[in-house]
Amino acid sequence: AQSVTQPDIHITVSEGASLELRCNYSYGATPYLFWYVQSPGQGLQLLLKYFSGDTLVQGIKGFEAEFKRSQSSFNLRKPSVHWSDAAEYFCAVTFTSGTYKYIFGTGTRLKVLA
Amino acid sequence: DTGVSQDPRHKITKRGQNVTFRCDPISEHNRLYWYRQTLGQGPEFLTYFQNEAQLEKSRLLSDRFSAERPKGSFSTLEIQRTEQGDSAMYLCASSLGLGNEQFFGPGTRLTVL
């Protein structure tokens, strides 16, 4: 069955430090890949997406992600974290045909130390 | 703002009562999704509409749950005879299809006492 794994439930980084959030998927073909952020009381906001082409994807708020087919991974990175980045981050995949429903990972909660 | 809206934002109900949630998608979006998110988990797919047709339902959607999208515009999700296990955030999303990204509403948080 298709699945998404985010191995880190919680991550704490200092403000200004670099960040990498991991995401691995299990799917028979290359899916469409997404990273969303959810702040308390807020809906899910899209950070970036990968459909095809260049495997390094730039998103909003200074985030980027790299698709590695050989590792079935789509890790999210940011070179310098800001206190406002504290939130929960979800990786999601969808099939390349059909209903395009999302399968989400369990999320990674990011804490930023001042 | 022409994003996805959901109403109510919060609902507290007693076990056994019926509740109904509404979702208004982005106006030109033909695809509409409902997800459920419990504490500490990612959202889980419940059901999907393309225009007014409900084309897929998750096995998470028991017989107590029903969803409609009359005329392919807004959608409602009804839960009958609520149980404490129904307590969750119910998220609605819409998209244009063809793999396009889904835009999420703020969600309706349901608490069943």
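The values are calculated or read from the model by the stated rules, or taken from the named source; none is laboratory data. All of these numbers come straight from a predicted model, not from anything done at the bench. Because the Cβ atoms are built from the backbone with ideal geometry, glycine has one as well, and the counts that use them run over all protein chains shown. Only protein heavy atoms, including side chains, enter the accessible area calculation; ligands, DNA and RNA are left aside. Shrake-Rupley method; radii C 1.70, N 1.55, O 1.52, S 1.80 Å.
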Self-check item: Pairs where the first residue, in segment B:55-66, is surrounded by 15 or more Cβ atoms within 10 Å (Cβ to Cβ) and modelled with pLDDT of 90 or more and the second is among the β-branched types (Val, Ile, Thr) and assigned to a loop (DSSP other than H, G, I, E, B), C-beta under 9 Å, 6+ apart
Solution: B:Glu56/A:Thr99
Quiz item: What number of residues within segment B:80-98 are of a type in the set (D, E, K, R) and open to solvent by 30 Å² or more (accessible area, probe 1.4 Å)?
Solution: 2
Quiz item: Quick one: which strands (runs of 3 or more DSSP E) sit completely within chain A and have at least 3 residues that are within 20 Å of B:Leu91 (Cα to Cα)?
Solution: A:32-38, A:44-50, A:87-94, A:102-104
Quiz item: Here are some conditions: (1) farther than 28 Å from A:Gly107 by Cβ; (2) in contact with a strand residue (DSSP E or B) (Cβ under 6 Å, 6 or more places away or on another chain); (3) open to solvent by 70 Å² or more (accessible area, probe 1.4 Å). B:Glu44 meets all but one. Which one does it not meet?
Solution: (1)
Exercise. Being of a type in the set (Gly, Ala, Ser) and out of contact with any Phe, Trp or Tyr (no Cβ under 8 Å at 6 or more places or on another chain) is the filter; apply it to segment B:38-67 and report the residue that is farthest from B:Ser27 (Cα to Cα).
Key: B:Gly40
Practice problem: Mind listing just one residue for me: the one in segment A:33-56 that is aliphatic (A, V, I, L, M) and open to solvent by less than 20 Å² (accessible area, probe 1.4 Å) and, of those, farthest from A:Asn75 (Cα to Cα)? | Solution: A:Leu44
Exercise. Working only within segment B:43-79, note down all residues that are of a type outside the set (S, T, N, Q), outside any strand (DSSP E or B) and more than 11 Å from chain A (Cβ to nearest Cβ).
Key: B:Glu52, B:Arg59, B:Leu60, B:Leu61, B:Asp63, B:Arg64, B:Arg69, B:Pro70, B:Lys71, B:Gly72, B:Phe74
Quiz item: Would you pick out the residues in segment A:74-86 that are surrounded by fewer than 20 Cβ atoms within 10 Å (Cβ to Cβ) and closer than 22 Å to B:Gln102 by Cβ?
Solution: A:Asn75
Exercise. Would you check which residues across segment B:14-60 are in contact with a helix residue (DSSP H, G or I) (Cβ under 8 Å, 6 or more places away or on another chain) and of a type outside the set (Phe, Trp, Tyr) and list them?
Key: B:Arg15, B:Asn30, B:Asn51, B:Glu52
Quiz item: Limited to segment B:69-85, what total is found for residues that are under 22 Å from A:Gly43 (Cα atoms) and touching a strand residue (DSSP E or B) at 6+ places or on another chain (Cβ under 7 Å)?
Solution: 7
Quiz prompt | Out of A:Thr12, A:Thr30, sole residue that is closer than 17 Å to A:Ala92 by Cα, of a type in the set (Ser, Thr, Tyr) and surrounded by fewer than 18 Cβ atoms within 10 Å (Cβ to Cβ) | solution = A:Thr30
Quiz item: Can you name every residue in segment B:6-31 that is crowded, with 16+ Cβ neighbours inside 10 Å and within 11 Å of chain A (Cβ to nearest Cβ)?
Solution: B:Gln6, B:Arg31
Quiz item: What about B:Gly40, is it assigned to a loop (DSSP other than H, G, I, E, B), within 14 Å of chain A (Cβ to nearest Cβ) and at positive phi?
Solution: yes
Quiz prompt | Enumeration of residues in segment B:81-97 that are within 14 Å of the chain's Cα centre (by Cα) and more than 10 Å from chain A (Cβ to nearest Cβ) | solution = B:Asp86, B:Ser87, B:Ala88, B:Tyr90, B:Ser94
Quiz item: Residues B:Leu113, B:Leu77: which one is open to solvent by less than 50 Å² (accessible area, probe 1.4 Å) and at pLDDT 95 or above?
Solution: B:Leu77
